[in-house]
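The next block holds one structure in the form of structure tokens; read it before the comments.
Quick note: the coordinates plus some simple rules give every number you see, no bench work behind them. Since the model is a prediction, treat every value here as computed from it, not as a measurement. Heads up, the Cβs are rebuilt from the backbone with ideal geometry, glycines too, and the neighbour counts pull from every protein chain shown.
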Amino acid sequence: MTRIWIGALVGCLTLIIATVSKADVLLSNVVIVDLETGSLSPGQSVLIEGNRITAIGPGITSNENVDRVDAGGRFLIPGLWDSHVHIFSSATEPDTALALYLINGVTGIRDMGALWPITEQKALQARIESGEVLGPRLILSGAWVDAAPGSWPGMFLANTPDEARAAVAQIADEGWAAVKSYSMLDAQTYRALAEAATEAGLPLVGHIPERVALETAILVGQTGMEHFGRIPMACSSAEAQMLVDLRTVMADDANLDTVFAVMAERNGIILDTWDAKLCTSVLARMAEAGLHVSPTLVVADFYTRNWPTADAPRMLMIPAAVREAWGQPDFRLAAMTDELLALANDSIALDRRTFTMAHDAGVPILASSDASFANPYLFHGFSLLDELDIYVAAGLTPREALFTAVVAPPRFFGLQDQDGTISVGRRADLVLLDANPLENLAVLRRPQAVIAGGALLDRETLDKIEADLLEAGE
């Protein structure tokens, strides 16, 4: 596959690189936005040398070999992160995905499961870091471990504790950033996976397996959970019984249709048995444990058919073959019975209510979208901004929503050169905006400039990237 994707990247991304200056950059007359405190620092200059911020202040000077940009009082924030994406679900997906992230101000992504070998993922990661390929910073956390036969191709498989330990040994040897648990692991194998990950010095992230209680995930030290649905389930007085019901049918070697039917019944049960007092206790335990959540609330739009029109720009920027595939029957939509659809709005409302409670309780949130060519109508870049809008609609302030996409991710990933602040020594991943994002997140939809690893993409360059994507999508 190596020859395939290298050839693909010679397309759009090479054209982008050719338009981007390699010089150092001096931004002047910017308002620096501190997303941790909400404070604004107007009249500042920011000097970027290579891929680092080297000076900040009202009167910064530099030599002549620098691109000088008068920001005209615009607002500067650190770049956004999408903490749950899949950019390797096809041979050429990064060629489109990386560009889509940049035009939306997303300068960092965490990939959570791929169809590419790890060697090829790391090769692309290295090319981005070196500046050979222009794209968001890439964290490779997609070493997903599931019970056989596996939910997706390319998974590590573990049906026993010994197989779980062997999988973690291979994951550590291959240099992944984390171990990702998946849905169908049994409780004993999951516990062994967690123990082995801890011994290997790797964080355990991913799905809480469908037969495992959320409290168990806390006890074994899982540090990050993907998707939000297991939290309302843990807020149900019937969680234990729902787990027993699924364990029973799976112990009897039930076919997948029976297993999925038992899982689908959970929606109605949760709506009937969700308990606010219990939920307060569950969320307090999560917050105390520091269990980070990547909610991917925007995924509900797919199931409720809240899709963009065929002529929407985000649709037209997707390759035609992908759009065609998205229009074909989908196994996930086929599983949406009339009963599930009738409950959808109430389930979404409960998710959002619980999400707001989780945030208020101090549960750390990592903004995330699950964007992938394999996930219809979830768009690289665009869907992250949709996710942030959902957070605000659920009751977060714009600053609180931005915190989940700017400050929380690099701190959770333990990056030494990024912490969600604009300060000397930090990596130069920045977004320049026409208005104050603390007042309205709509300004994120059209950044005036994006700086990715020190490379300046001004509005003219961003427009050209969009034009190239639209042309490639024809």
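For the stretch 231-322, what's the relative contact order in percent, using C-alpha pairs closer than 8 Å and at least 6 residues apart? Before the final figure, lay out the partial values.
Numbers: 40 pairs, mean separation 30.4, N = 92.
Answer for the stretch 231-322 is 33 percent.
Could you order the peptides 177-185, 392-400 from most to least packed, using the average number of other C-beta atoms within 10 Å per residue? Don't skip to the answer; put the middle values down first.
On the way: 177-185: 23.4, 392-400: 17.0.
Going by the mean number of other Cβ atoms within 10 Å, highest first, we get 177-185, 392-400.
Once the Cβ-Cβ distance between residue 446 and residue 157 is put in as r, and R0 is 45 Å, what FRET efficiency do you end up with, to the nearest 0.05?
Values: r = 45 Å, r/R0 = 0.99.
After rounding, the FRET efficiency stands at 0.50.
May I ask you to list the aspartates and glutamates whose Cα is less than 20 Å away from that of residue 180, ignoring any residue fewer than eight positions away on the same chain?
Straight-distance partners of residue 180: 82, 111, 120, 146, 162, 163, 195, 199, 210, 215, 226, 370.
Helix-only mean residue ellipticity at 222 nm, the chain, DSSP H runs n ≥ 4 weighted -39,500 (n - 2.57), per residue, nearest 500. What is it?
On the way: 21 runs with 207 residues, N = 474.
After summing the helix terms and dividing by the residues of the chain, the value is -13000 deg cm²/dmol.
At R0 = 25 Å, how high is the FRET efficiency between residue 310 and residue 256 if r is their beta carbon distance? Nearest 0.05 is fine. It would help to have the intermediate numbers written out before the result.
Numbers: r = 33 Å, r/R0 = 1.32.
The formula returns an efficiency of 0.15 here.
What list of ³J(HN,Hα) couplings, whole Hz, do you get for the stretch 187-201 from phi and the Karplus terms 6.51, -1.76, 1.60, once you set θ to phi - 60° and write x for glycine and proline?
5, 5, 5, 4, 4, 5, 4, 5, 4, 5, 4, 4, 5, 7, x
Evaluated at 37 °C with a viscosity of 0.692 mPa s, what Stokes-Einstein diffusion coefficient in µm²/s does the stretch 285-355 have when Rh comes from the Kirkwood expression over alpha-carbon pairs?
Values: Rh = 14.8 Å.
Using the Kirkwood radius from Cα pairs, D works out to 221 µm²/s.
Work out, step by step, the length gained on full extension between residue 272 and residue 337: first 0.36 nm times the residue separation, then minus their alpha carbon distance; give nm to one decimal. It would help to have the intermediate numbers written out before the result.
Working: separation 65, 0.36 × 65 = 23.40 nm, distance 1.86 nm.
My answer for the length gained is 21.5 nm.
Run the quick spin-label model on residue 36 and residue 287: label points 7 Å from Cα toward the beta carbon, then report their separation in nm to one decimal.
The answer from the label model is 2.0 nm.
Starting from the amide H of residue 378, placed 1.01 Å from N in the peptide plane, find each other amide H under 5 Å away whose residue is 5 or more places distant or on another chain.
For residue 378, the qualifying residues are 372.
Find how many whole Å separate the alpha carbon centroid of the stretch 143-202 from the alpha carbon centroid of the stretch 65-89.
34
Just rank 202, 340, fewest to most, by other beta-carbon atoms within 10 angstrom.
340, 202
Would you please give the FRET efficiency between residue 346 and residue 67, computed as 1/(1 + (r/R0)^6) with r the Cβ-Cβ distance and R0 = 35 Å, to the nearest 0.05? List each step's numbers first, then the result.
On the way: r = 53 Å, r/R0 = 1.51.
E between residue 346 and residue 67, to the nearest 0.05, is 0.10.
Which whole-number percent of Cα pairs in the stretch 176-244 have a distance greater than 21 Å? Could the numbers behind the result be given before it?
Numbers: 439 of 2346 pairs.
Result: 19 percent of Cα pairs exceed 21 Å.
If you add up the charges near residue 226, with Lys and Arg at +1 and Asp and Glu at -1, over every other residue whose beta carbon is less than 15 angstrom from its beta carbon, what do you get? Walk me through the numbers on the way to the answer.
Numbers: positive: 110, 180, 230; negative: 82, 111, 146, 210, 351, 370, 387.
Residues near residue 226 contribute -4 overall.
Enter the mean projected area of the convex hull around the alpha-carbon atoms of the stretch 215-298, in nm², rounded to one decimal. Intermediate results must be reported in sequence, preceding the final value.
Details: hull surface 24.4 nm².
Result: a mean projected hull area of 6.1 nm².
Could you pull out every one of the aspartates and glutamates with an alpha carbon less than 12 Å from that of residue 277, ignoring same-chain neighbours closer than 8 positions?
none
Across the stretch 55-110, how large is the tail of the calculated P(r) beyond 14 Å, expressed as a percent of all Cα pairs? List each step's numbers first, then the result.
On the way: 1074 of 1540 pairs.
I get 70 percent for the Cα pairs in the stretch 55-110 exceeding 14 Å.
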